[in-house]
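Written out below as structure tokens is the structure these notes cover.
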Amino acid sequence: MAGGGVVRALCCCYGRFSSSFSSGGGERAGPRFRPPAGSRRDWIGPPDKRSNLRPVIFHVPPHESPLERRLRELREETQAWNQSFWARQNTAFQR
């Protein structure tokens, strides 16, 4: 997916997005926001206060193949690990 498409998709809805993410939680289940059903792109939120990483909600295609699903799940797992690691690292550094 081209990066420009993701940015275009977020610009029109940034106000809805920024208020929908919980703030400051490093060990959270994920963003409470869910993109509209017709969305065909990944959604990227504002930086988390503890980790400084931008949370991503990955698009799930209607006819996702097993290989595409595995890739998306690995990306989600990697994102969750990075979120946890950097939240802990930044908190320890600030102490």
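Some observations on this one:
- Cα gyration tensor category, rounded, prolate or oblate, for the range 35-95 with a/c compared to 1.5: oblate
- Gain on full extension, evaluated as 0.36 nm per residue between Arg54 and Trp81 minus their Cα-Cα distance, stands at 8.4 nm.
- You can think of it this way: the chain between Leu71 and Gln89 has 3.8 nm of extra reach, that is 0.36 nm per residue less the Cα-Cα gap.
- ³J(HN,Hα) computed for each position of the range 74-81 - Karplus, 6.51 cos²θ - 1.76 cosθ + 1.60, integer Hz, glycine/proline x: 5, 5, 5, 5, 5, 4, 5, 5
- Of the residues Pro62, Asn82, Pro47, the one whose Cα sits farthest toward the positive end of the charge dipole of the range 38-83, with +1 on the Cβ of Lys and Arg and -1 on the Cβ of Asp and Glu, is Pro47.
Any read-out appearing in this document is the output of simple, stated calculations on the displayed coordinates, not a laboratory observation. All of these numbers come straight from a predicted model, not from anything done at the bench. FYI the Cβ positions are ideal-geometry reconstructions off the backbone, even for glycines, and counts take in every protein chain you see.
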